[in-house]
């Protein structure tokens, strides 16, 4: 059974030969460039390049060496190490002094001790303070929203023909020349999109009070997303197996919005997007949503979510056994395999091995599970723990063990 077959069987809630493994299949299952550089150093690897494909989170593109070493089954459609047309890159220096590359269209400037990145209008859209490891989104463009006209006049992002042709070439190449399952990042963020252009506090206040044209803004996002989804699925739908959507709806202690507010304002819009995907393709709907979202899971399933990530088991109500027992027949759990906040960061290699073993046994029962750690591996996680995690995943992924 090859990787694509293994993942598809898992998504169909059938039992494959092994639990699939993910490392970098989307922007929350990978590793920061700093941690990646330390991992390569620990293994004595002087070949290849560290490509920071996500400047905001400072994430590294996963090289083929690690896909093979960790027996990875799924790849990001835009991964430049297994696809074609790697694009243009230029030098970037990581905070630990290691040379890396960033996309040539990203132009960090240093102003008053901090790096900033401007959007195509010249507005400073992201900044990295001197002692920070990441960029923060700043200066929301609709912070001072005054009218519906402001919403209509905003510079909405639609896919260009050039982008769609690139996506199609990448997806087609991966489909025809590799056996990986292919994940395509789309987003479709009904919370995070408005939060970014209004500002987090502004939008959450708008949402709670029903003010400042919140419905008009949400409906505009749906309109834009649906138009882009149609073009996107026409380009890559016959090649990909998963489409990644996202909306962080949880904190450590609970959802960031009440279930009632979710059902009133967000769920109907999620359902429009997810229903469009399911009615117009054979692609599985993958949702990334951090934190304690247990209270929202039944509504997410009803909205059309088929795969849930990162399965943040360190958050309230996110007990692995409870999640698997209550929702394991309806959702594929993608993550939850090792706790990046605790065991992976501070535990011994033996503790890492033990947790992976436990999680494989819990989530793997009956299929419907893809292994990866909870969210991206951060700088400071010991390289030996990363290796121990994937070695354990390989050791315990066989269903002969899970069913024993």
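The values are calculated or read from the model by the stated rules, or taken from the named source; none is laboratory data. All values reported here derive from a predicted model rather than from experimental measurement. Positions of Cβ are generated from backbone atoms using ideal geometry, with glycine treated the same way; all protein chains shown enter the neighbour counts.
Counted as qualifying within segment 1-102 are the strands (runs of 3 or more DSSP E) with 1 or more residues that are surrounded by fewer than 23 Cβ atoms within 10 Å (Cβ to Cβ), out of contact with any helix residue (DSSP H, G or I) (no Cβ under 6 Å at 6 or more places or on another chain) and free of Cβ contacts under 8 Å to residues at least 60 places away in the same chain, namely 52-54, 89-93. Considering segment 126-153, the residues that are outside any loop (DSSP other than H, G, I, E, B), touching a helix residue (DSSP H, G or I) at 6+ places or on another chain (Cβ under 8 Å) and at pLDDT 95 or above include one that is nearest to residue 380 (Cα to Cα), namely 151.
Residues in segment 356-372 that are surrounded by fewer than 23 Cβ atoms within 10 Å (Cβ to Cβ) and more than 13 Å from residue 11 (Cα to Cα): 357, 358, 361, 362, 365. Listed conditions (1) outside any helix (DSSP H, G or I); (2) surrounded by fewer than 22 Cβ atoms within 10 Å (Cβ to Cβ) are all met by residue 265, apart from (1). Of all the criteria given as (1) free of Cβ contacts under 8 Å to residues at least 12 places away in the same chain; (2) exposed (fewer than 11 other Cβ atoms within 10 Å of the Cβ), the one not satisfied by residue 130 is (1). Filter segment 168-183 down to the residues that are under 30 Å from residue 121 (Cβ atoms) and either out of contact with any helix residue (DSSP H, G or I) (no Cβ under 6 Å at 6 or more places or on another chain) or modelled with pLDDT under 95 (or both) and list them by number. If the condition is that a residue be under 30 Å from residue 121 (Cβ atoms) and either out of contact with any helix residue (DSSP H, G or I) (no Cβ under 6 Å at 6 or more places or on another chain) or modelled with pLDDT under 95 (or both), then 169, 170 are the ones that fit. Residues of segment 56-91 that are more than 21 Å from residue 2 (Cα to Cα) and at pLDDT 90 or above: 56, 57, 58, 59, 60, 61, 89, 90, 91. Only one of the numbered conditions (1) outside any helix (DSSP H, G or I); (2) farther than 26 Å from residue 1 by Cα; (3) touching a helix residue (DSSP H, G or I) at 6+ places or on another chain (Cβ under 9 Å) is not met by residue 375, and that is (3).
Answer yes or no: is there a residue in segment 282-293 that is in a helix (DSSP H, G or I), over 14 Å from residue 336 (Cα atoms) and either touching a helix residue (DSSP H, G or I) at 6+ places or on another chain (Cβ under 7 Å) or without any contact (Cβ under 8 Å) to a residue 12 or more places away in the chain (or both). For segment 282-293, residues in a helix (DSSP H, G or I), over 14 Å from residue 336 (Cα atoms) and either touching a helix residue (DSSP H, G or I) at 6+ places or on another chain (Cβ under 7 Å) or without any contact (Cβ under 8 Å) to a residue 12 or more places away in the chain (or both): absent.
Flag: residue 211 matches the condition of being surrounded by fewer than 18 Cβ atoms within 10 Å (Cβ to Cβ), over 30 Å from residue 64 (Cα atoms), without any contact (Cβ under 8 Å) to a residue 24 or more places away in the chain and touching a helix residue (DSSP H, G or I) at 6+ places or on another chain (Cβ under 8 Å). A residue that is outside any loop (DSSP other than H, G, I, E, B) and buried (at least 18 other Cβ atoms within 10 Å of the Cβ) occurs nowhere in segment 105-115.
All of (1) in a helix (DSSP H, G or I); (2) more than 20 Å from the chain's Cα centre (by Cα); (3) farther than 18 Å from residue 76 by Cα hold for residue 235 with one exception: (3). Within the set 277, 256, the sole residue that is more than 29 Å from residue 201 (Cα to Cα), touching a residue at least 24 places away in the same chain (Cβ under 8 Å) and within 20 Å of the chain's Cα centre (by Cα) turns out to be 277. Of note, residue 99 satisfies the criterion of being under 20 Å from residue 55 (Cβ atoms) and at pLDDT 95 or above. Search segment 382-404 for residues being assigned to a loop (DSSP other than H, G, I, E, B) and within 14 Å of residue 358 (Cα to Cα), and hand back the single one that is modelled with the highest pLDDT. Of everything passing the filter in segment 382-404, 397 is modelled with the highest pLDDT. Count of segment 161-197 residues, restricted to those that are part of a helix (DSSP H, G or I) and within 24 Å of residue 9 (Cβ to Cβ), is 7. If the condition is being in a loop (DSSP other than H, G, I, E, B) and either in contact with a helix residue (DSSP H, G or I) (Cβ under 9 Å, 6 or more places away or on another chain) or surrounded by 24 or more Cβ atoms within 10 Å (Cβ to Cβ) (or both), then segment 325-341 contributes 328, 330, 331, 335, 336, 337, 338, 339.
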